[in-house]
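**Q** Please find one structure pasted underneath; my questions will follow.
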Amino acid sequence: MLSRRNVTVAVAVVVAVAWIASITVTVAHQDPPGAASPPELRTELSAALSGRDADALAGLFDVPGSGGDDLAKDYVSVLKDGNARDISVQLAPDEHAPTTAIVHGKTGAGEQFSYRLAVTSAKGRWTVAFTPPIP
């Protein structure tokens, strides 16, 4: 016959194993960052920037750990502070094999802006990397 202490220990072990298993399954089934194709990356990046969606933007960054979340929040904050609008994204040099995403838009004062972001591909996923775009 099991003592109360043994039952408590057994229940604690079962709960711990179940918790570890659930975390492992959750992590294993998370989508990798990025988009499935370059056109999808362009569409999602444009939507995330235009919509000031930090979560969607973080999912497109090639940044390890939680750095992508922090970077996306800061990035969206700068867009909000500058009252950026009419944001669009163009992939270069080739829409289907890009190395650069060119972001265009207007500031709140109506001035045009444009900047380049490096585009990378790994394991079938296309992401934005914050490294200089090298051809």
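What follows is calculated from the coordinates using simple rules that are stated; it is not laboratory data. Source: prediction; values computed, not measured. Neighbour counts are summed over all protein chains in view; Cβ atoms, including those assigned to glycine, are modelled from backbone coordinates with ideal geometry.
**Q** Determine, from the Cβ-Cβ distance of T24 and K123 and an R0 of 30 Å, the FRET efficiency 1/(1 + (r/R0)^6), rounded to the nearest 0.05.
**A** Details: r = 20 Å, r/R0 = 0.67.
Here the calculated transfer efficiency is 0.90.
**Q** On a full-extension model of 0.36 nm per residue, what is the gain between F130 and A10, subtracting their alpha-carbon distance, rounded to one decimal in nm? Don't skip to the end; give the middle numbers.
**A** Working: separation 120, 0.36 × 120 = 43.20 nm, distance 4.88 nm.
Gain on stretching F130 to A10: 38.3 nm.
**Q** Can you compute log10 of I(q)/I(0) for the stretch 1-103 with the Debye formula, treating each Cα as one identical point scatterer, at q = 0.16, 0.19, 0.24 Å⁻¹?
**A** Result of the Debye calculation: -0.78, -0.97, -1.25.
**Q** Distance in nm between label sites at V17 and S114, each 7 Å beyond Cα in the beta-carbon direction?
**A** With each label point 7 Å from Cα toward Cβ, the separation is 6.2 nm.
**Q** Neighbour counts of other C-beta atoms within 10 Å: give me L2, L117 arranged from fewest to most. Don't jump to the answer; show the numbers that get you there.
**A** Numbers: L2 9, L117 19.
Least crowded to most crowded, the residues run L2, L117.
**Q** Using a simple spin-label model with points 7 Å from Cα along the Cα→Cβ vector, what separation in nm is obtained for S88 and K73?
**A** The answer from the label model is 3.3 nm.
**Q** How much of the DSSP beta bridge set in the chain is antiparallel, as a percent to the nearest 5? Write down the numbers at each step before the final one.
**A** On the way: 19 of 20 bridges.
Beta bridges within the chain, antiparallel portion: roughly 95 percent.
**Q** Then there is this: Helices from the chain with mean Kyte-Doolittle at least -1.0 and a Cα length along the axis of 30 Å or more, per DSSP H: which? Before the final figure, lay out the partial values.
**A** Values: long enough: 4-28 (36 Å, 1.65).
Span-like helices in the chain: 4-28.
**Q** Which of A54, P64, A118 sits farthest toward the positive end of the charge dipole of the chain, with +1 on the Cβ of Lys and Arg and -1 on the Cβ of Asp and Glu?
**A** P64
**Q** Still on this model: Take the chain, connect every pair of alpha-carbon atoms lying under 10 Å apart with a spring to form a Gaussian network, then pick out the residue of L49, L79, L91 with the largest mean-square fluctuation.
**A** Result: L79 has the largest fluctuation of those listed.
**Q** Could you identify which residue out of I87, I23, I102 has the top mean-square fluctuation in a GNM of the chain using Cα springs shorter than 10 Å?
**A** I23
**Q** May I pose another question? Say a site is exposed when it is one of the trypsin sites (Lys or Arg not before Pro), sits in a DSSP loop, and has at most 16 other Cβ atoms within 10 Å; what is then the longest site-free stretch of the chain?
**A** Values: sites that count: R52, K123.
The longest uninterrupted stretch comes out as 53-122.
**Q** Pick out which of V17, V63, V25 has the largest mean-square fluctuation in a Gaussian network model of the chain, springs linking Cα atoms closer than 10 Å.
**A** V17
**Q** Find how many whole Å separate the alpha carbon centroid of the stretch 83-108 from the alpha carbon centroid of the stretch 36-53.
**A** That distance is 10 Å.
**Q** With runs of 4+ DSSP H residues as the only contributors, calculate the mean residue ellipticity of the chain at 222 nm using -39,500 (n - 2.57) per run, divided by the residue total and rounded to the nearest 500. Can you show the working numbers first?
**A** Values: 4 runs with 58 residues, N = 135.
After summing the helix terms and dividing by residue count, I get -14000 deg cm²/dmol.
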